[in-house]
Structures are given as C-alpha cells and as structure tokens.
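I have placed the structure first, in the form of structure tokens, so that the comments after it can refer back to it.
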Amino acid sequence: MMLKPHSLGALLVTLLALPALPSVPAHAAPAAHVAPAAPVAPVAIAEGHTADQISRFLATFYGQHGPSPHDREAGVSQILKDRQQVSTDSDVLLCSQNAPQNIGIGPVTVAQAAGVGWATVTTQWAGGVTDTFTAYVRLDSKPIRLDDVICAG
C-alpha cells in the first residue's frame, strides 16, 4: 500500500463521496427558452449634504481663528463634545492648545457609500508654521454639523 499525504487523501474521499452526475445523451433536446431575469434596481443612497455645502459649513464653522462658543455647542457631534470634556489641555476641534492666526479649508471629498464628507483643514501659526487635520461631516446630519476631527500629528 502506498501512503498519500493527508490533504490528497481527504480530497479523494470527498470526490468519491459526491453523487454521480447524470450523463446527458448527445441527442438530448435543447433547453427550453428561459426568460431573462428582470433588471435589479440599484440601491438608492441618500444624497445628504453636497461637497459645496460641507465646504461652506466648514469655512463658516472654523472662520479665521476657530469656532465660536455657539458653533462649539450647536455645530458638533456628541462624540466631539465628550472628547473635549476629557481633553482639557487641548482643543479637539483645532488639534491645538490655542487659537491659530488663520484657518484654511481644503477641497471636500464626499463618499456617498460611506455617508461622510471630509476636508483637510490647515491652521497657520506665528512664524509661518502650519499644521493640518481632517474634519469629517456625516452626510445625513440634520442640521449639518462636525462629526469628527482626526489630528495629523
């Protein structure tokens, strides 16, 4: 008796256990006409906020030096509010400890399937130093609000 590797033996046992397929005679009648399947409607994705709306929101929200107290209360998700309460030594909305001299909002990317839009926010500091972070907005937020911020450093 010749020994075979376990994997080959398992394959042979599996193949031998399969039921035999019926053979089709060469003179078999052609298959009956089958109607084509009805087209499947695409899944509708809620449009939500557009890139332009998100861009305008972020520009207004951040302004030139950071969000106002009202914007910090009304324009952010509960996640960010909770994160700010824990992080008392840093501003989670600006990824910094103080207010920048200027803020710029980059182009907005919208991912409909993910339900989110985002942009790179650039902060300018004394001495020409710049920093960046990413601001995220859920497309279905009503009213539109900042959902998350991911600091670059």
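The values are calculated or read from the model by the stated rules, or taken from the named source; none is laboratory data. All of these numbers come straight from a predicted model, not from anything done at the bench. Cβ coordinates were reconstructed from backbone atoms using ideal geometry, including for glycine residues, and neighbour counts include every protein chain displayed. The protein model used for the area step is the full one, side chains on, heavy atoms only, and it has no ligands, DNA or RNA in it. Shrake-Rupley method; radii C 1.70, N 1.55, O 1.52, S 1.80 Å.
Observations on the structure shown:
- Any hit, the stretch 38-46, residues being at pLDDT 95 or above, within 18 Å of GLY117 (Cβ to Cβ) and not aromatic (Phe, Trp, Tyr): no
- Within the stretch 63-86, being under 24 Å from the mean Cα position of the chain (by Cα) and farther than 21 Å from ASN102 by Cα holds for ALA74, SER77, GLN78, ILE79, LEU80, LYS81, ASP82, ARG83, GLN84.
- Residues of the stretch 120-153 that are surrounded by fewer than 17 Cβ atoms within 10 Å (Cβ to Cβ), touching a residue at least 40 places away in the same chain (Cβ under 8 Å) and in contact with a Ser or Thr (Cβ under 7 Å, 6 or more places away or on another chain): ALA152 alone.
- Hits in the stretch 108-119 - residues which are surrounded by fewer than 16 Cβ atoms within 10 Å (Cβ to Cβ), of a type outside the set (Gly, Ala, Ser) and touching a residue at least 60 places away in the same chain (Cβ under 8 Å): GLN112
- Some residue of the stretch 90-107 being among the charged types (D, E, K, R), open to solvent by less than 60 Å² (accessible area, probe 1.4 Å) and touching a Phe, Trp or Tyr at 6+ places or on another chain (Cβ under 8 Å): no
- Here ALA59 clears all of (1) open to solvent by 30 Å² or more (accessible area, probe 1.4 Å); (2) outside any helix (DSSP H, G or I); (3) modelled with pLDDT of 95 or more; (4) hydrophobic (A, V, I, L, M, F, W, C) except the condition numbered (2).
- Listed by first and then second residue, the pairs linking a residue in the stretch 80-99 that is in contact (Cβ under 8 Å) with a residue 24 or more places away in the chain to a residue that is in a loop (DSSP other than H, G, I, E, B) and open to solvent by 80 Å² or more (accessible area, probe 1.4 Å), with Cβ atoms under 8 Å apart and 6 or more places separating them unless they lie on different chains, are ASP91/GLN97; ASP91/ASN98; CYS95/GLY153; ALA99/HIS65.
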